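A short worksheet on the structure shown next.
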Amino acid sequence: DVKVTQSSRYLVKRTGEKVFLECVQDMDHENMFWYRQDPGLGLRLIYFSYDVKMKEKGDIPEGYSVSREKKERFSLILESASTNQTSMYLCASLNGATGLTTDTQYFGPGTRLTVL
Amino acid sequence: AQSVAQPEDQVNVAEGNPLTVKCTYSVSGNPYLFWYVQYPNRGLQFLLKYITGDNLVKGSYGFEAEFNKSQTSFHLKKPSALVSDSALYFCAVRDMRYSGTYKYIFGTGTRLKVLA
C-alpha cells in the first residue's frame with residue numbers, strides 16, 4: 001500500500017513566522033501535490049510537482065512556496081504565515097509514469113495549521 | 001471553464017435506504033471523473049473513477065457511480081447505506097487543459113449522514 005506521511009497532524013504558529021510542512025511518500029511517485037481544505041470551498045490546489053526540482057503553481061499559490069529536492073519528499077513553505085492561512089493542508093502523490101498511471105491520488109492524513 | 005459542482009452540502013439518509021450524492025461537471029473533451037471519501041480526521045481515500053468504457057463504475061465499499069454524458073453528471077450511489085458510510089465525499093475531475101501533467105479540480109464536498 002502507498003503510504004503518504006505528513007510531518008505534523010496539528011501545528012500552531014504565530015503571524016509572520018516561516019512555516020514548513022513536510023510530506024513524504026514511499027512509492028517512488030513522480031507527482032506530488034499540496035492542497036488546502038476549507039469548509040465550503042473543498043480542496044484547492046496550491047502547488048504540484050511532476051519531478052525532482054520541478055514545480056508548477058496551482059490555483060492559489062500566493063503566500064506559499066515549495067521545495068522538491070528528493071523524489072519522495074515535497075515541502076510546503078509559508079514564507080510569512082498569516083491568519084488567513086489557517087487551514088487543513090493535504091499532501092498527495094500519484095504515479096504519473098507513462099503507461100503505469102492509474103490517475104489515482106494517495107493522500108496523507110493532513111496537517112491542521114492554526115496561525116494566531 | 002473546467003469545473004465540478006456538488007450541489008448539496010449535506011445529504012441525510014436512513015440506514016438501509018439507497019443513497020445518492022450528486023456531482024455535475026464542465027470540461028472540454030472527454031472527462032476523467034473521480035470520487036474520494038474523507039472519514040473524520042483522515043486524509044482522502046480514493047473510491048472510484050471513470051475514464052472510459054461502461055457508464056456504471058463500481059468502486060470500494062459497495063459504492064458505484066453512473067456517468068451520464070448528456071446530463072454531464074457523475075452521481076455516487078449505494079443501494080443500502082450504512083452508518084459507517086457517514087463521511088465527507090468529494091467529486092473531482094482531471095483538468096485536461098494541461099496535457100501531460102496531472103492536475104485535478106475538486107468539488108466543495110458533500111457531507112453524508114446515515115441515520116440509524
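Quick rundown of the values:
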| quantity | calculated |
| --- | --- |
| Hits in the stretch B:1-22 (condition: outside any loop (DSSP other than H, G, I, E, B), over 16 Å from B:L88 (Cα atoms) and away from every other protein chain (no Cβ under 13 Å)) | B:A14 |
| Qualifying residues in the stretch B:69-116 (those that are of a type in the set (F, W, Y) and not in a strand (DSSP E or B)) - the one nearest to the other protein chains (Cβ to nearest Cβ) | B:Y102 |
| Odd one out for A:E17, checked against (1) surrounded by fewer than 18 Cβ atoms within 10 Å (Cβ to Cβ); (2) closer than 24 Å to B:L48 by Cα | (2) |
| Residue within the stretch B:57-68 that is within 14 Å of chain A (Cβ to nearest Cβ), over 19 Å from A:R36 (Cβ atoms), surrounded by 20 or more Cβ atoms within 10 Å (Cβ to Cβ) and touching a strand residue (DSSP E or B) at 6+ places or on another chain (Cβ under 7 Å) present | yes |
| Failed item, numbered, when B:Y32 is tested on (1) within 28 Å of A:T111 (Cβ to Cβ); (2) at pLDDT 95 or above | (2) |
| Matching option when the condition is more than 12 Å from chain B (Cβ to nearest Cβ), β-branched (V, I, T) and closer than 18 Å to A:P109 by Cβ, among A:V24, A:V52, A:V66 | A:V24 |
| Test: residue in the stretch B:43-55 that is at the interface with another protein chain (Cβ under 10 Å from one of its Cβ atoms), under 18 Å from A:Y35 (Cβ atoms), small (G, A, S) and free of Cβ contacts under 8 Å to residues at least 12 places away in the same chain | yes |
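The values are calculated or read from the model by the stated rules, or taken from the named source; none is laboratory data. Predicted model only: the values in this text are computed from it and were never measured. All Cβ positions, even for glycine, are placed from backbone atoms using ideal geometry, and neighbour counts span all protein chains on display.
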